[in-house]
Ligand code: NI
Ligand code: MN
């Protein structure tokens, strides 16, 4: 078995993770995303993880799942919505739960944020994802969240890569994201959910410098379309 992974930023909080031969999309917001690195019609996926119901995260999930047959993994309310829209291939879970998938063990982590579906129904609680890959690397996708002190519990999971929002207004801003790095203590941190629109404009290189001055983590700034291997 190939012991490698690759993660590509598709813009905002959309990620394409490749582990072994599996493609895992996270929050595939491509249509209407001013910084999208690809288009919904072209992206391939075996699994799609959805953090919450907002359009900039649920995004093109339905269209991509229908075309590719990808399994959609989401909190129960969102999984029910996806199934009601004609995608029966879902895994429903909830905060604190873990599921073993062919690419690794996935735990649904609390995110402090709202969640509404396109039809106005509640999307349940917003989520983040902790993913322990089959190759041993541990990834934490905070997705849309405020800073909260229980992020310190993630330290026990020895996070290799943390993907944290820094855009402010809708999520943590740069100051709180620095505090999150101190609580989580990942080896590497990758900022996201900024500069998609003017209202979440931030300077990622200034934030990177702060991470390296104020914490023991190394920050990796990705442009949309860039990847970590
Ligand atoms: Ni949101
Ligand atoms: Mn968002």
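The values are calculated or read from the model by the stated rules, or taken from the named source; none is laboratory data. Fair warning: this is a prediction, and the values are worked out from it, not measured in the lab. A quick note on method: Cβ atoms are made from the backbone with ideal geometry, for glycine too, and the neighbour counts reach across all protein chains shown.
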Go over the candidates 159, 181, 190 one by one and state the one that is within 25 Å of residue 135 (Cα to Cα), touching a residue at least 24 places away in the same chain (Cβ under 8 Å) and assigned to a strand (DSSP E or B).
-> 190
Of (1) closer than 20 Å to residue 140 by Cα; (2) surrounded by 24 or more Cβ atoms within 10 Å (Cβ to Cβ); (3) in contact with a strand residue (DSSP E or B) (Cβ under 6 Å, 6 or more places away or on another chain), residue 18 satisfies all except one. Which?
-> (2)
Any residue in segment 24-43 that is crowded, with 18+ Cβ neighbours inside 10 Å, within 16 Å of the chain's Cα centre (by Cα) and over 26 Å from residue 204 (Cβ atoms)?
-> no
Quick one: is residue 220 more than 26 Å from residue 93 (Cα to Cα) and either over 18 Å from the mean Cα position of the chain (by Cα) or within 16 Å of ligand 1 (Cβ to nearest atom) (or both)?
-> no
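Return the total of residues in segment 163-182 being away from ligand 1 (no atom under 16 Å from the Cβ) and buried (at least 18 other Cβ atoms within 10 Å of the Cβ). Spell out the reasoning first.
Looking only at segment 163-182, we keep the residues that are away from ligand 1 (no atom under 16 Å from the Cβ), and these are 174-175, 178-182.
Now narrow it down to the ones that are buried (at least 18 other Cβ atoms within 10 Å of the Cβ): 174, 178, 180-181.
Counting residues in segment 163-182 that are away from ligand 1 (no atom under 16 Å from the Cβ) and buried (at least 18 other Cβ atoms within 10 Å of the Cβ) gives 4.
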When you look at residue 14, is it modelled with pLDDT of 95 or more, farther than 20 Å from residue 196 by Cβ, within 16 Å of ligand 2 (Cβ to nearest atom) and under 14 Å from the mean Cα position of the chain (by Cα), yes or no?
-> no
Yes or no: residue 50 within 16 Å of ligand 2 (Cβ to nearest atom), surrounded by 14 or more Cβ atoms within 10 Å (Cβ to Cβ) and closer than 19 Å to residue 19 by Cβ?
-> yes
Any chance you could count how many residues in segment 107-128 are outside any loop (DSSP other than H, G, I, E, B), closer than 19 Å to residue 80 by Cβ and in contact with a strand residue (DSSP E or B) (Cβ under 6 Å, 6 or more places away or on another chain)?
-> 2
Please enumerate the residues belonging to segment 127-152 that are surrounded by fewer than 23 Cβ atoms within 10 Å (Cβ to Cβ) and within 13 Å of ligand 1 (Cβ to nearest atom).
-> 146
Count - residues of segment 47-93 that are within 14 Å of ligand 1 (Cβ to nearest atom) and in a loop (DSSP other than H, G, I, E, B) = 6
Is there a residue being buried (at least 19 other Cβ atoms within 10 Å of the Cβ), under 27 Å from residue 82 (Cβ atoms), modelled with pLDDT of 95 or more and more than 16 Å from ligand 2 (Cβ to nearest atom) anywhere in segment 214-224?
-> no
Taking segment 55-82 and keeping only residues that are over 17 Å from residue 140 (Cα atoms), crowded, with 21+ Cβ neighbours inside 10 Å and either free of Cβ contacts under 8 Å to residues at least 12 places away in the same chain or within 16 Å of ligand 2 (Cβ to nearest atom) (or both), one is left with 58, 59, 60, 61, 78
